[in-house]
Amino acid sequence: MFNPSRDEVRQFFTDTWRKQREGGVLTPLESIAADWIGEHPEYQQELADPDVTHADYSPDQGKSNPFLHLSMHLAITEQLSIDQPPGIRRAHERLVARMGSTHDAQHAIMECLGQIIWESQRNNTPPDTNAYLALIEQRASRD
């Protein structure tokens, strides 16, 4: 199972962004990551700084963690590509239709994923995929 360290994740994103800017050849995963970085201009300058891999993103700083945010985009993109949990792709399509944007739909799913991860950590239990999908479907059916 792929389980990179915090430093490896941060290095992946900074290396990917450097390669993208330099016109380097990207792996398929790097290409997906570069696309998401491209959707987030607010992170681009930060990711170009080699010292960012050591930055602290504690909640009291009020600063978004670009590595966590982009990692969640990658996780959701993978979930959608394999429709896991089953039905997430259909719910995502409904979100896109309702919200008018793949990016906005991913952010809605990201909120659901964050909630499920938080509950899993708080309760010391595995993430509840049924509850996760139910949250996404609830978001997709809002008027």
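Just checking my list [x] 41, 33, 32; [y] 45, 39, 30; [z] 48, 36, 31 against Cα extents along the principal axes in Å computed from this structure; which label fits? It is the one labelled [x]. For segment 26-40 versus segment 44-119, the inter-centroid distance based on Cα atoms is 13 Å. A convex hull fitted to the Cα coordinates of segment 67-143 yields 80 cubic angstrom per residue.
Computed from the coordinates by the stated procedures, all read-outs in this text should not be read as laboratory data. Only a predicted model underlies this, so the values are computations on that prediction, with no experimental measurement involved.
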